[in-house]
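Asks: I have a structure here, written as C-alpha cells, and I will follow up with some questions on it.
The values are calculated or read from the model by the stated rules, or taken from the named source; none is laboratory data. Being a predicted model, the structure only gives us computed values, none of them experimental. Glycine gets a Cβ as well: all are built from the backbone with ideal geometry, and neighbour counts include every protein chain shown.
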Amino acid sequence: MRVELRGITKRFGSFTANDRIDLDVEPGKIHCLLGENGAGKSTLMNVMFGHLQPEEGEIVIDGETVTFANSGQAVRRGIGMVHQHFMLVPVFTVAENVVLGFEPTKSFDRLDRKKAADEIRRVSKEYGLEVNPEAVVEELPIGLQQRVEILKALSQDAELLILDEPTAVLTPQEIEALMAIMQSLAKAGKSILFITHKLKEVRAVGDVITVIRQGHVVGSVPPTTSEAELATMMVGRDVILTVNKEASSPGENVLEIRHLVVRDDRGLAAVDDVSLDVRAGEIMALAGVQGNGQTELVEALAGMRKVESGTITLRGQDVTNKTPRQMLDAGLGHIPEDRQRDGLVLTLSVADNLVLNTPRRAPFARRGTRNLGAVAANAEKQVKDFDIRTTSIRELVSSLSGGNQQKVIVARELSRPLSFLVASQPTRGLDVGSIEYVHRQMVNQRNEGMGVLIVSSELDEVLALGDRIAVMHQGRITGVVDPSTSRETIGLMMAGATAGAAHV
Amino acid sequence: MSDVAVAPARPRRRSLWSRFSAKSPVVLALLALVLGFLIGALVIIFSTSAVLDAWRGIFHSWDGLFHALNVTFNNVGAAYRDMFTGSVVDPPQFWHSLTTGKQWDYSLTPISETCTYATPLIIASIAVGIAFQTGVFNIGANGQAIMGGIAGAAAGSLVQLPAIIHIPFTLLAGVIGGLVIGAIPGLLKAYTGAHEVIVTLMLNYVIAFFLIFALLSTALQQPFQSNDISRTMHSSAQLAPLFGTASGLRVSYGVFIAAAVVIFAWWLLDRSSIGFDFRVTGANPHAARASGINARRVVVLVFLVSGGLAGLAGVVQVASTTHYIDGNFLIGNAGIGFTAITVALLGRNRPMGIVWGSLLFAALGVGGRQMQAATGIPLDLATIIQSVVVLFVASPVLVKEIFRLRSSAASGIQLATQGWGS
C-alpha cells in the first residue's frame, strides 16, 4: 500500500506543529521519520491515524484521497499503529488482546478462544513472530509485549505499520530482534513507518530517512548518510555527541549502599541485594533498561520508598529509611525521573517551583510567612544563571518547554548546598541543546568534588557521562565497568549477563 | 505524546473579547451570570400564563406581536427588578432618603439582608475553598457548621460572662466544635487512607441527628418548650447589629469576622509557608512528597483549618441572626455548608472570588423572596439561576463557545474537583 501525505499542516492555536509536510511511504519499504522530541513526529502520526484532523493537506492511499474522522476508519483502510505506550490489557492473554475489539464469537456471544488462538498462530507463522497465544501479557517481557502489539495490527490486516518510538523501552538485543521483524515485514510487502530520534537505528534499518525539524521536512536522505550529517539535519547545527570532560579524580566514598532490598508497589523485590559505592568527584552512571529496579533504588535514596533491608550511608551518616524532608536536609539533590510528576508543580509559577523544596529556608520565609520578594529575587537570579527561557518568573512552569522545565529543576537542586546528586533520566525528552547543557552541569558538579549518580536508559548518555558504569538487571547490579567497555558488552549485561561472562 | 505538548506560543493578534477573557476568569463568571439570567427569563416566560397567552395572539396582527413582547418584557423585567430592589437597593427609595435624610433603615434593608446572609456563607465557603485548594474534598462543612452552631449556642446561653469575654468565648467554642468534627475525617484520611468524601458526607448525617438530640436534651433545650429549639444566647454573647437594634437592620458585627477570615485566607494561601504546602499538595501530591512535604500533616492541618472555619460560620450565623439554634437550622436546603461547596466552585476557591460568589448567592436568595412576594414567581427561580451560573462556570469551554471567545481562558480555570481522585 502506498501512502502519501501532501502538504499536511496541523496547528494548535497559533503554534504550527506540522507545516506543509510531504511524505511518501512506499510498499515494501521501511521509511524512517527522524526528528527531535517536539519536532512534530507524533502529531504527524496522529494525523495519519485519524486522531487529529489536519488544517490543510491531504492523505492519499493508493491514489485515492482519504480523510479519517477517527482511528477506526484508519484501521479499516489498513493503517496499523504500534504505540510507544502499549495499548494492551495486562491481565488478558495474548490471544484476547489481539482480538480485542473484533472478537470471534460462538453461540450466545461467547468468545471463541480457540479461533482467536488459531488466528494468532496463523499471523505469527506468516511473519515469523513467535509468541504463545495463551500467555498472559503482563508476564511477558517488554519486547514480546511489543510483538503482541504488532500482531494485533497485522491481524487487523494492516498494510501500513506505524511504529512510534518502538525502541525506547527495549534492550539492545530486543532492538535487534525488532529490526529483524521490521525487515521481514517489509519483505512481505508491508509499508513501515518507523519513528525515532535515534540516529543509529535509522541507519541500520531504514530504506529512506525523512528528517523533520520544528514541523518542517528538512529532507529525505538514504541510510548511507553519516550520523553526524543526520544529527546536523535534526538540530540544524553541528552537535557534539560526546561530552568533553577531564579525567576524574575521585576521592573517598560519599554514598555507600549495602545489600539494599526495596519492594515495588506490587510487593516484589524490585531492588534485590544491591551494593554500590559512589565516590566524591566521580559520576557513577547506572545503566539498564527501564523497569529493572532503578526507579525504586532512586526512590529509596530520596526517602520516598521504604527500604526493606540493607543500609544507605551518605557521607558517613546512616540515612536508611529517612523521610524525603530529612534527605533534602541532608543535602541530597534529586532530579526525578518523571519531572512533571515529581519535580514540578505545573500550575505554579517558575519562581515558586524554584523554591519548591526549600520554601521555609531563609530568606524565602520568616516565621511562617513567605518572603515573596526574596523568592522573586532568587528566581531572577536562577533564570539568569541557568539560562531558563521564560517570559517572566511569574509565568506558569507548564508554559515552558521540556528543556526549560528541566532547567528549573536543575537550577533548584544545584543552587542549594548539596552533599550528593542523584539524577534520574536527566535528559529524557530534551532537545540536543538542553541535553548538552544538563550534561555540562553534571560534569561541573563532579569537577567540584560532588558525588553524582546518574540513572539513564540511554546507552549513549551512560557512556558519555559515566566515570564508572554500573549495570542493573532485574533488581541486581550485574557489574560495574569502565566507560571504555564496548556497547555490546554493556548490552549483554543489561540483559542479565554478569560482567565477567559478558566479556567472553 | 510529548511532541504535541509543546506550549502554544502566544497569539499575536487578539480580539477585544479574548484579550479580556484570557486575562481574567472574572469575565467568564460574569458571562455565566448573563446566561443564568437569560435562562431564568426563559423559565419565567414558559411558566407565566399571562406571557404564554399573549404569545398565542401574535398571529392575528402586528399589534399581537408587540403586545406579546410587551407582556414578556414587563413580566421578566418586573421579576428581575424586584429581585434587584429586594436585594441591593430600590433607587427611588434611596433617592428619597438621600434628599430628605429620612427612612434610611428602609432604604438600606435590602443590602443589609444580603450582607446578613452572605456573612456566614463567606466564612463557610472559604472553609471549603481552602480544603479544595489542598486537593481535599471537604463535603462535611455543613456538619462542621452545625457543630459550631451547637457549641456556640451552648457557650452563649449556658454561661454568664461580660460581653468582651463572652463573644470571643462563644466564637471560640464554635471554632472548636467545627474543628473537632473536621479532625475526624482528617485523621482517618491521614492514618487509614479513608476517603474524605465518604467520611465527611456520612458525618453530616451523624451531626444532623446529634443536633436533634442536643436540642431535646435538658441542658440545651429552651425551657418550657417541647419542640427542638435551644436556649437563647445571652445578649452578651450575641453579635449585635452594626447600626443598633433600633435601626431594624440585621447586618451585624459578623461582617468584620467575615472580613478577617477573608484576610486570613488570603494570607494563608498566598503568603504563608503552610499554605504553600497546602497548594503544592493540592496541585501535585507527588511533587509535594518529593519536596519533603509531610502529606499526613497537611491533611490533618487542612481539615482542622477547614473544620474550624466551618464551625465559625455556624456560630456566626447563630450569634448574629436567630440567637438560638433549632431543628430547621442548617439542615437540608438551608444548609450553608452545602451552598458553600457551590460558592467555592463559583469563586474558584479564591478568597475574593468567594466574597463575590457569596454576595451573589445571598442577593439571589434575598431578592428572590421579594420577587416571590411581589410577582408570584416562585423563589425557585433564584435557585435555578444559581444552578445555571455554577453549571456554566464549571464548563468554561461551553461559555467560550457561546460567546465565541477565541483565546483560551480555560488555562486559568482549574477544576476544583481534583480532590476526587486522591
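Asks: Across region A:14-45, which residue is surrounded by the most Cβ atoms within 10 Å (Cβ to Cβ) among those that are in a loop (DSSP other than H, G, I, E, B) and more than 9 Å from chain B (Cβ to nearest Cβ)?
Replies: A:Glu36
Asks: Now, a different point. Being within 7 Å of chain B (Cβ to nearest Cβ) and of a type in the set (D, E, K, R) is the filter here; which residues of region A:330-364 pass it?
Replies: A:Arg341, A:Asp342, A:Arg360
Asks: Tally up the residues in region A:332-360 that are among the basic types (Lys, Arg) and surrounded by 15 or more Cβ atoms within 10 Å (Cβ to Cβ), please.
Replies: 2
Asks: Moving on to the next point. Determine the pairs where a residue that is over 22 Å from A:Gly429 (Cβ atoms), located within region A:328-354, has a partner that is of a type in the set (S, T, N, Q) with Cβ atoms under 8 Å apart, the partner being 6 or more residues away or on another chain.
Replies: A:Leu328/A:Asn357; A:Leu328/A:Thr358; A:Leu328/B:Ser291; A:Ala330/A:Gln317; A:Ala330/A:Ser419; A:Gly331/A:Ser419; A:Leu332/A:Ser419; A:Ala351/A:Asn378
Asks: When you check B:Asn328 against the structure, is it within 14 Å of another protein chain (Cβ to nearest Cβ) and either surrounded by fewer than 19 Cβ atoms within 10 Å (Cβ to Cβ) or among the polar types (S, T, N, Q) (or both), yes or no?
Replies: no
Asks: Something else about it: I'm trying to understand the selection: among the residues of region A:304-329, which are farther than 30 Å from A:Ser249 by Cβ and either surrounded by 23 or more Cβ atoms within 10 Å (Cβ to Cβ) or not hydroxyl-bearing (Ser, Thr, Tyr) (or both)?
Replies: Result: A:Met304, A:Arg305, A:Lys306, A:Val307, A:Glu308, A:Asn321, A:Pro324, A:Arg325, A:Gln326.
Asks: Let me spell it out: the conditions are (1) without any contact (Cβ under 8 Å) to a residue 60 or more places away in the chain; (2) farther than 30 Å from A:Val471 by Cα; (3) of a type outside the set (A, V, I, L, M), and A:Pro90 meets all of them except one. Which number is the exception?
Replies: The number of the failed condition is (2).
Asks: Shifting gears a bit: Of the conditions (1) over 21 Å from B:Tyr191 (Cβ atoms); (2) more than 14 Å from chain A (Cβ to nearest Cβ), B:Phe303 clears all except one; give me its number.
Replies: In the conditions (1) over 21 Å from B:Tyr191 (Cβ atoms); (2) more than 14 Å from chain A (Cβ to nearest Cβ), B:Phe303 misses (1) alone.
Here is a yes/no grid of residues against (1) over 18 Å from the mean Cα position of the chain (by Cα); (2) among the hydrophobic types (A, V, I, L, M, F, W, C); (3) closer than 23 Å to B:Leu249 by Cβ:
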{"residue": "B:Trp104", "(1), (2), (3)": "yes, yes, yes"}
{"residue": "B:Ile111", "(1), (2), (3)": "no, yes, yes"}
{"residue": "B:Ile122", "(1), (2), (3)": "no, yes, yes"}
{"residue": "B:Val128", "(1), (2), (3)": "no, yes, no"}
{"residue": "B:Thr134", "(1), (2), (3)": "yes, no, no"}
{"residue": "B:Ala141", "(1), (2), (3)": "no, yes, no"}
{"residue": "B:Ile146", "(1), (2), (3)": "no, yes, no"}
{"residue": "B:Gly149", "(1), (2), (3)": "no, no, yes"}
{"residue": "B:Ala155", "(1), (2), (3)": "yes, yes, no"}
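Asks: Can you tell which of A:Arg325, A:Arg367 is within 12 Å of another protein chain (Cβ to nearest Cβ) and either among the aromatic types (Phe, Trp, Tyr) or without any contact (Cβ under 8 Å) to a residue 12 or more places away in the chain (or both)?
Replies: A:Arg367
Residue-by-condition table, conditions (1) more than 16 Å from B:Met233 (Cβ to Cβ); (2) modelled with pLDDT of 95 or more:
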site: B:Ala131; (1), (2): yes, yes
site: B:Asn142; (1), (2): yes, no
site: B:Ile167; (1), (2): no, yes
site: B:Thr170; (1), (2): no, yes
site: B:Ala173; (1), (2): no, yes
site: B:Gly177; (1), (2): no, yes
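Asks: Checking the condition of a type in the set (A, V, I, L, M), farther than 30 Å from B:Gln103 by Cα and more than 28 Å from the chain's Cα centre (by Cα), which residue from B:Leu42, B:Leu52 passes?
Replies: Being of a type in the set (A, V, I, L, M), farther than 30 Å from B:Gln103 by Cα and more than 28 Å from the chain's Cα centre (by Cα) holds for just one of B:Leu42, B:Leu52, which is B:Leu52.
Asks: Just checking, does region A:83-90 include any residue being of a type outside the set (Asp, Glu) and not in a loop (DSSP other than H, G, I, E, B)?
Replies: No, that holds for no residue.
Asks: Among the residues of region B:27-66, which ones are small (Gly, Ala, Ser) and assigned to a loop (DSSP other than H, G, I, E, B)?
Replies: Matches in region B:27-66: B:Gly57, B:Ser61.
Asks: What is the residue count in region A:171-199 for residues that are modelled with pLDDT under 85 and either touching a Leu at 6+ places or on another chain (Cβ under 6 Å) or of a type in the set (Gly, Ala, Ser) (or both)?
Replies: The qualifying residues number 1.
Asks: Another question about this same structure. Kindly provide the set of residues from region B:86-115 that are touching a Pro at 6+ places or on another chain (Cβ under 9 Å) and buried (at least 23 other Cβ atoms within 10 Å of the Cβ), ordered by number.
Replies: B:Gly86, B:Ser87
Asks: Given A:Ala300, A:Ala285, A:Ala269, which one is more than 14 Å from chain B (Cβ to nearest Cβ), buried (at least 23 other Cβ atoms within 10 Å of the Cβ), of a type outside the set (Ser, Thr, Tyr) and under 24 Å from the mean Cα position of the chain (by Cα)?
Replies: A:Ala285
Asks: Now a separate question. Got a sec? Which helices (runs of 4 or more DSSP H) wholly within region A:107-206 have at least 1 residues that are under 27 Å from the mean Cα position of the chain (by Cα), more than 14 Å from chain B (Cβ to nearest Cβ) and over 21 Å from A:Leu492 (Cα atoms)?
Replies: A:142-155, A:172-187, A:199-205
Asks: Continuing with the same structure: Select from region A:280-309 the residues that are in a strand (DSSP E or B) and over 28 Å from A:Gly491 (Cα atoms) and list them in ascending order.
Replies: Within region A:280-309, A:Val307, A:Glu308, A:Ser309 qualify.
Asks: Are any of the residues in region B:332-343 closer than 21 Å to B:Ser306 by Cβ, touching a Gly at 6+ places or on another chain (Cβ under 6 Å) and surrounded by fewer than 23 Cβ atoms within 10 Å (Cβ to Cβ)?
Replies: No.
Asks: I've got another one for you. Would you please name the residue that is nearest to the chain's Cα centre (by Cα), looking only at residues in region B:333-391 that are outside any helix (DSSP H, G or I) and closer than 20 Å to B:Gly40 by Cα?
Replies: Selected residue: B:Leu379.
Asks: Moving on to the next point. Please specify each residue of region B:178-216 satisfying the condition of being more than 21 Å from B:Asn328 (Cβ to Cβ) and not in a helix (DSSP H, G or I).
Replies: B:Gly193, B:Ala194, B:His195
Asks: What are the residues in region B:259-288 that are over 16 Å from B:Val305 (Cβ atoms) and more than 7 Å from chain A (Cβ to nearest Cβ), if any?
Replies: Within region B:259-288, B:Ala259, B:Pro285, B:Ala288 meet the criteria.
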